[in-house]
Every structure is written in C-alpha cells, then in structure tokens.
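Heads up: the structure comes next, in structure tokens.
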Amino acid sequence: MKKLLSIILSLFFIGVFTESSAQQNGNKEVNKGNEAYRKGDFATALKFYDQALKINPSNEFAKVNKGIAYNKTNKTEEAIKAYNEALKSVRDAGLRSTVNYNKGVNSAKQEKYREAIDDFKEALRKTPQDQKARENLQLAINKLKQEQQKDQQDKNKDKGGGGQDQQKQQNEQQNQDKNNMNKEQAERYLDNLREEEKNLQNKIMKRSAGEGQRETQKGW
C-alpha cells in the first residue's frame, strides 16, 4: 500500500493563464484560487473556485482545481464528486486524462481499486504515453488481486472451519459408536464367560458324579 500511495499522491494541478474575458468566464477567480493554492491556503482556494463556478458553472478549470484542493484538505469523497462534475463538461482529451488520473488517485486512496482501475484505463486511452497512469494501473490491479485472494482465503477458512466442526462431530459419533460397541462386546464376553463357567460346573458335576459311582462300584 505504501508503494501505491507514494506514486498516486502526485496529482496534476491545472493552471489558468488566459486573461481574456476573465470577468465573464470566472478565470480571474480561478487564478486567485490558484494563488491561494500555491501558498497552501486551500480553504481560500476553494472559496475562489466556488466563486468562479457561480460566475460560470461550466468553468472546467475551477471544477478540476476544486477537486485537487479538496485533496489537499483530505476530503477525498468531495474531490471525487468534483472530478465527476468536471468530467460532465470537459471535452479536451488531455484535460479529461488529467481528471481521470486524479479521480483514480482518490479511488485508490479509498481502496476502491475497481474504480481506480477504470479511471487509470480511461486516462491511458486519452494519453497512452502517461507512465504514471500506467504504473498506477498495474499497482491497482495488483492490489485488487490481493484483495480477491484474501477474500478467497477467508472463504476457504470459513469452509474449512465448518469442515472441522463436521469432522469433529463425526469423530465424536465414531467414538460414541466405538464405546457402544465396546460395551456390547464386554457384555457378550461376560455372557460367554458365564456360559463357559456354567458348562465347566456341569462338567465338574458330571465328573464328580462319575467318580463317585466308580468308587462305589470299586467298593463293591
């Protein structure tokens, strides 16, 4: 995760350099916002970007830089919303690539790797030479695979735990059956002993009777 974040945190900032019709299109406010941004005053920057959007709701630079300013204040969800708004109106391929890249950064920060993959892919469609987007795409794919593997391992573990419980029950049943069998065998063994003892006693009695008879005869 550290390797991923160390790369994706480098966002693309959009500056506005045109001064023509600045009052009408909101670019003057965007420039003021950019100045505040460079000074690290992100709250003020956001105010100027919002002013620019009030003047011109379709100002693409205000939308994009608003998203980046939200990033700097750790408001990832707001940044994603700002980028989504920007994508509704941005037509320039290079600028759309930047927005998709920055949106992918935020999706990855939220560990929404499927969305990040889509964002980086979209960025690469517009600018195939973008090495950072390519690297982050691969990293997001790897993180998604790791998540899927972990989920599968957890599922297997749950199944394995169920299997262990079932095996335990089977073992207990087998032990119980074994104990029952041992009890039955013991009873049969005792019965056999009793029967053998009875037969032996009968034999002794018969032998004793025979010897007594012979002695009597002998006595005659």
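Could you check, for region 148-159, whether at least one of its residues is surrounded by 15 or more Cβ atoms within 10 Å (Cβ to Cβ) and among the basic types (Lys, Arg)?
At the first step, the residues of region 148-159 found to be surrounded by 15 or more Cβ atoms within 10 Å (Cβ to Cβ) are none.
No, the conditions are met nowhere in region 148-159.
How many residues are surrounded by fewer than 17 Cβ atoms within 10 Å (Cβ to Cβ) and in a loop (DSSP other than H, G, I, E, B) if we restrict to region 87-111? Lay out the reasoning, then the answer.
At the first step, the residues of region 87-111 found to be surrounded by fewer than 17 Cβ atoms within 10 Å (Cβ to Cβ) are 88-89, 91-94, 110-111.
In the following step, the residues that additionally are in a loop (DSSP other than H, G, I, E, B) were identified as 91-92, 110-111.
Total satisfying the criteria: 4.
Here are the criteria: (1) of a type outside the set (Lys, Arg); (2) crowded, with 17+ Cβ neighbours inside 10 Å; (3) within 30 Å of the chain's Cα centre (by Cα). Tell me which single one Asn84 does not satisfy.
Going through the list (1) of a type outside the set (Lys, Arg); (2) crowded, with 17+ Cβ neighbours inside 10 Å; (3) within 30 Å of the chain's Cα centre (by Cα), Asn84 breaks only (2).
Starting from residues that are modelled with pLDDT of 85 or more and among the hydroxyl-bearing types (Ser, Thr, Tyr), keep the ones in region 1-50 and report whichever is surrounded by the fewest Cβ atoms within 10 Å (Cβ to Cβ).
My answer is Thr44.
Can you go through Lys132, Lys121, Lys103 and tell me which one is in contact with a Leu (Cβ under 7 Å, 6 or more places away or on another chain) and either free of Cβ contacts under 8 Å to residues at least 60 places away in the same chain or under 30 Å from Ala62 (Cβ atoms) (or both)? Quick ask: steps written out before the conclusion?
On the way: Lys132 fails: in contact with a Leu (Cβ under 7 Å, 6 or more places away or on another chain); Lys103 fails: in contact with a Leu (Cβ under 7 Å, 6 or more places away or on another chain).
Exactly one of Lys132, Lys121, Lys103 is in contact with a Leu (Cβ under 7 Å, 6 or more places away or on another chain) and either free of Cβ contacts under 8 Å to residues at least 60 places away in the same chain or under 30 Å from Ala62 (Cβ atoms) (or both), namely Lys121.
Given the conditions (1) of a type in the set (Asp, Glu); (2) at pLDDT 90 or above; (3) in a helix (DSSP H, G or I), and given that Asp165 satisfies all but one, which numbered condition is not satisfied?
Failing condition for Asp165: (2).
Collect the residues in region 112-137 that are surrounded by fewer than 19 Cβ atoms within 10 Å (Cβ to Cβ), over 19 Å from the mean Cα position of the chain (by Cα) and within 23 Å of Asn74 (Cβ to Cβ), keeping them in residue-number order.
Lys132
Condition check: of a type outside the set (Val, Ile, Thr), surrounded by 15 or more Cβ atoms within 10 Å (Cβ to Cβ) and out of contact with any strand residue (DSSP E or B) (no Cβ under 9 Å at 6 or more places or on another chain). Does Ala140 satisfy that? Explain how you work it out, then say what you get.
On the way: of a type outside the set (Val, Ile, Thr): yes; surrounded by 15 or more Cβ atoms within 10 Å (Cβ to Cβ): yes; out of contact with any strand residue (DSSP E or B) (no Cβ under 9 Å at 6 or more places or on another chain): yes.
Considered against the rule, which asks whether it is of a type outside the set (Val, Ile, Thr), surrounded by 15 or more Cβ atoms within 10 Å (Cβ to Cβ) and out of contact with any strand residue (DSSP E or B) (no Cβ under 9 Å at 6 or more places or on another chain), Ala140 comes out as yes.
What is the one condition in (1) surrounded by fewer than 24 Cβ atoms within 10 Å (Cβ to Cβ); (2) under 38 Å from the mean Cα position of the chain (by Cα) that Leu53 does not satisfy?
(2)
The values are calculated or read from the model by the stated rules, or taken from the named source; none is laboratory data. On a predicted model such as this, the values are computed, not experimentally measured, just so you know. Quick reminder, even Gly has a Cβ in these numbers, built from the backbone with ideal geometry, and neighbours come from all protein chains shown.
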